[in-house]
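K.L.:
I have a structure I would like to understand better, so I am pasting it below and will then ask my questions one at a time.
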Amino acid sequence: MPAAGEGAQKPVAIVPIDSSNAIALRGDQALVARFVSMAHDLDAKAAGGTELRVYWLEHANAETLLPTLQQLIGGGSDPAQKAGLPPASASPTSSSGGSAPVASAATPAPTSVGGGGSGSISTRGPAIITRYEGANAIIVAANSEVQRMLGELIRQLDSRRQQVLVEAIVVEIGDNAAKQLGVQFMLGGKNIPFVATSYSNASPNILTLGGAYAATKLTEEKTTVDGETVVTQTTSSLGNTLQEAAAASLLSATGGFAGFAGDIGKNTFFGAIINAVKSDTTSNLLATPHIVTLDNQAAKFLVGQEVPITTGEALSDNFDNAFRTVQREEVGIKLDVTPQVNGAGEVKLFLRQEVSSVAGPVSSRNSDLILNKRSFETVLTVDDGEILAIGGLLNDDERKTIERIPLLSDIPLIGELFKSRSRSRAKTNLMVFIRPTILRNREDNAALTARRYGYIRDFQLQRNPDQEPAIDTLVRDYLGAVPPVPSASTPADVTVGPVNLPELRGPDGSVKTTDVPPSISQAPAPPAGDYP
């Protein structure tokens with residue numbers, strides 16, 4: 001920019017330097033000195049002025065961003081301000097060194113900073129940063145230099161974050177087998193010794209049934225009226241308890257059992273029960289919870305029920321008013337995850353995976369519930385789109401139990417009548433896999449939605465081939481939208497096989513190479529080679 005001068009005065013060249021917010025002057029020394037003085041005056045006036053600007057945020061949260069900006073310019077370090085409370089006092093320093101009036105503690109005040117503190121932006125003049133609760137916006141009142149720095153910072157932080165699809169695969173295969181075989185007998189009566197065998201792994205228990213029978217006989221009264229015998233039955237709390245226990249033992253018995261009982265004379269009875277049971281239970285659990293969340297944003301997934309669990313019980317002084325406290329616990333499939341994406345395309349996962357179920361009551365006399373739980377809590381790093389096994393359990397539990405009567409059980413052949421055998425084996429194979437997938441743009445989101453939508457749509461179409469899938473009808477008629485479909489550029493899966501290995505083997509036993517058809521994406525195939 002040439003400067004107008006008198007006569008022989010040379011012009012002054014002015015070059016702006018945006019990177020350092022400065023200007024370079026070249027020319028006559030006297031004219032350069034005048035321009036320097038003018039620039040200092042203009043800069044001083046601009047520094048003393050305050051600009052008010054509103055930054056409308058598109059992706060960031062104003063409530064979350066505000067404490068960061070306040071801390072950057074030297075404010076917001078007070079714990080009361082971090083908690084959203086008004087500061088107890090504020091004494092911003094003006095450019096002239098004077099102190100501003102102290103803000104009232106009862107009135108929320110935005111951060112006002114006049115001088116740069118340790119680790120903060122140095123400002124000349126007060127700077128005020130606040131947010132507008134009615135919209136996602138940041139309001140900054142500061143000079144042009146602070147406005148420029150804060151505006152650039154807000155622009156970088158207010159960017160669209162990547163999303164992460166986190167998929168978990170829980171596989172549990174169980175095989176439980178059990179065998180029981182035993183013989184129980186009882187001999188008793190009036191004025192004779194009492195003999196019985198009872199085993200913990202036998203059901204129904206012969207002592208329980210014998211007790212109920214004895215209670216029935218003891219409560220009978222026989223009277224003779226006009227030559228006829230009349231039997232009357234009296235009730236007692238002990239007899240009722242024994243009869244209820246016998247009924248519960250019969251109802252809880254499983255497998256096959258046979259027995260007999262009868263009088264053998266002289267008020268003597270004999271009874272025996274043979275029980276045999278074999279059970280084989282197999283289970284195959286496959287659960288695939290998945291959830292989409294923003295980068296560095298916690299997400300939770302739960303499919304299950306809230307089961308009431310008794311935590312306490314009390315009775316009144318008269319033992320008639322029972323008071324019970326109940327706490328509900330979530331039972332089902334849970335997935336808690338927080339992903340963090342780094343520049344190398346890896347995903348760091350703060351993961352907690354849980355699969356729980358209700359096993360049933362503790363016993364027939366205790367209604368408290370037993371809960372089965374498989375829980376994993378870990379922190380790991382996985383590449384984008386890769387599957388990683390995060391943990392598992394291979395369990396093989398075999399138990400053999402034999403209960404017998406000493407000496408009598410050692411007699412050949414007959415000794416088997418004085419034994420009770422049980423055998424159980426439980427095998428469990430549990431494995432949990434995780435797979436994070438980064439969704440970088442709109443195309444990745446659309447591809448994921450189309451793939452999941454197509455899976456549900458095809459499943460409905462297989463069940464009712466002659467009807468339009470219900471999900472298409474819902475999206476079209478209720479939502480008024482076009483159902484998502486995979487695009488032509490989406491790579492399709494290639495299925496190879498089955499392979500006839502005998503035909504591929506040569507005379508020397510080696511396997512000959514064969515060509516694999518390329519996928520639609522035309523990915524380069526690996527070089528062919530001989531397989532051992």
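K.L.:
Counting only protein chains, not ligands or nucleic acids, how are Asp472, Asp336 ordered by accessible area (probe 1.4 Å), most first?
P.N.:
So, going from the largest accessible area down, we get Asp336, Asp472.
K.L.:
If you don't mind, there's one more thing I want to ask. Ala359 versus Lys300, label points 7 Å from Cα toward the beta carbon: distance in nm?
P.N.:
Here the answer is 2.6 nm between the modelled labels.
K.L.:
How much net charge surrounds Lys179 when only the other residues with a Cβ under 10 Å from the Cβ of Lys179 are counted, with Lys and Arg +1 and Asp and Glu -1?
P.N.:
+4
K.L.:
Cut-off 20 Å, label point 7 angstrom out along Cα-to-Cβ of Val171: give me the residues of the range 403-447 whose amide nitrogen falls inside.
P.N.:
427-437
K.L.:
Under a crude label model (7 Å from the Cα following the beta-carbon direction), how far is Asp263 from Val482 in nanometres?
P.N.:
The modelled label-to-label distance comes out at 9.2 nm.
K.L.:
Any idea of Ser237's accessible area? Nearest 10 Å², probe 1.4 Å.
P.N.:
Estimated to the nearest 10 Å², Ser237 gives 100 Å².
K.L.:
Based on the Cβ-Cβ distance from Ala22 to Glu346, what FRET efficiency comes out when R0 is 41 Å, to the nearest 0.05?
P.N.:
0.50
K.L.:
Now a separate question. Provide the gained length on full extension for the span Ile411 to Leu474, in nm with one decimal, where the gain is 0.36 nm per separating residue minus the Cα-Cα distance.
P.N.:
15.1 nm
K.L.:
Are there any trypsin sites (Lys or Arg not before Pro) in the range 135-214 that are in a DSSP loop and have at most 10 other Cβ atoms within 10 Å? List them by number.
P.N.:
Lys190
K.L.:
Still on this model: Calculate the spin-label point distance for His290 paired with Ile309, positioning each point 7 Å from the Cα along the beta-carbon direction, and give it in nanometres.
P.N.:
Going from the Ile309 label point to the His290 one covers 3.1 nm.
K.L.:
So how much slack lies between Ile387 and Leu157, counting 0.36 nm per residue of separation and subtracting their Cα-Cα distance, in nm?
P.N.:
Net length gain for the segment: 79.7 nm.
K.L.:
If Leu31, Leu181, Leu369 are ordered by their accessible area, calculated over protein heavy atoms with a 1.4 Å probe, which sequence runs from highest to lowest?
P.N.:
Leu181, Leu369, Leu31
K.L.:
Another question about this same structure. Need one value: the accessible area of Phe433 in square angstrom, 1.4 angstrom probe, rounded to the nearest 10.
P.N.:
Counting only protein heavy atoms, Phe433 exposes about 70 Å² to solvent.
K.L.:
Once R0 is set to 35 Å, what does the formula 1/(1 + (r/R0)^6) return for the Cβ-Cβ distance between Ala426 and Asp368, expressed as a FRET efficiency to the nearest 0.05?
P.N.:
Result of the calculation: an efficiency of 0.95.
K.L.:
Follow-up question, since we're still on this one. Just how much of Val482 is accessible, in Å², when a 1.4 Å probe is used and the result is rounded to the nearest 10?
P.N.:
Accessible area of Val482: about 130 Å².
K.L.:
Now for a different question. Give the calculated FRET efficiency between Leu42 and Glu63 to the nearest 0.05, with a Förster radius of 30 Å applied to their Cβ-Cβ distance.
P.N.:
The pair Leu42/Glu63 has a calculated efficiency of 0.20.
The values are calculated or read from the model by the stated rules, or taken from the named source; none is laboratory data. On a predicted model such as this, the values are computed, not experimentally measured, just so you know. So basically every Cβ, Gly included, is an ideal-geometry build from the backbone, and we count neighbours across all protein chains shown. Protein only, heavy atoms only, side chains kept; ligands, DNA and RNA dropped before computing areas. Shrake-Rupley method; radii C 1.70, N 1.55, O 1.52, S 1.80 Å.
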